[in-house]
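**Q** Got a structure for you, questions after.
Nothing in this text is a laboratory measurement; each read-out follows from the coordinates by a stated rule. For clarity, every value in this text was computed on a predicted model and none was experimentally measured. Positions of Cβ are generated from backbone atoms using ideal geometry, with glycine treated the same way; all protein chains shown enter the neighbour counts.
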Amino acid sequence: LVPWQKAAVAGTGALFAFLIIFALVSSSSGKTSPGRQRIREEAAKDPAELTAQLARRRMDELKQAYSEGKIAYSALLPDYVMLGDSRAAALAEYQILGADRDIAVIGTDCQDIPNQVERVKAMQPANLIVSYGINDVEHNLGGSPEGFAEVYESYIKQAAQAAPNARVFVTSILDVSPEVVKETPQYGQLAEYNEQIKAMCERNHWVFIDSSALNGEVQDNLESDGIHMTPDLCLKWAETIVDAVGEAQ
């Protein structure tokens, strides 16, 4: 070896020895560097907790990108399919969600789900979002909130069986105007319907998306029919859905 190579070898050896001694001293002293402590803490965490933490971080990054105009709102939702009625269909109409994934059908109730099963099976989404109720209540499907939940449950199970690996989300039913309640009294029972939907989700290990916090804004953000929501309220409702899906990952 030439002199500079010998010096380099000697220096490397000295550095290596120093690191070994430093590690031994640190270990024997019982002190742990902040970096090593962080690694130990992360390693001690439950894998599911780490996965959820990474999902939340990813969602925060996507929301930041959306706020900066870099991505469309639909990119905030991971692999999903949305089934539902006209309220759900409005999210695609207002280009909040993509029409290729939001396959809700205007004027339908949950009895339309069998017509969508093949599409769900073909797409095999990671997240299946179900949002019916407004027409079901009008039609008095099931005869009562309890009866509706039983019918609703049976149809959702058909969609869930078509995508067995999907996590299932079911939205609550947002309020309608007082005028609509007068015309169709069963709309005055929406709180009871939502309690039954929540119970249905709990017994099936589905995620209930409770949007009741938006009810205070509903009356000022309904179209002239007293049922359908304005684009601004649709966006807020979509945010509730996106947050619920993100938190469940």
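**Q** For a footprinting-style exposure proxy, rank His228, His205, His139 by other Cβ within 10 Å, fewest first.
**A** Ascending number of Cβ neighbours within 10 Å: His205, His139, His228.
**Q** Okay, moving on. Given H placed 1.01 Å from N in the peptide plane, which residues other than close sequence neighbours of Arg167 have an amide H under 5 Å from its amide H?
**A** Asn127, Leu128
**Q** Here is a further query. Work out the P(r) tail for the stretch 122-249: percent of alpha carbon pairs separated by more than 18 Å, whole number.
**A** 54 percent
**Q** Hey, if you put +1 on the Cβ of every Lys and Arg and -1 on every Asp and Glu Cβ in the stretch 77-248, which of Met123, Ile227, Leu83 ends up farthest toward the positive end of that dipole?
**A** Met123
**Q** Along Cα→Cβ, 7 Å out, is where each label goes; now give me the distance between the ones at Ala191 and Glu179 in nm to one decimal.
**A** Modelled inter-label distance: 2.4 nm.
**Q** State to the nearest 20 debye the size of the charge dipole of the stretch 77-248 about its Cα centre, where the only charges are +1 on K and R beta carbons and -1 on D and E beta carbons.
**A** 640 debye
**Q** Separate question: Lys and Arg at +1, Asp and Glu at -1: add these up for the other residues within a Cβ distance under 12 Å of Arg203 and post the number.
**A** Here the charged neighbours net out to -1.
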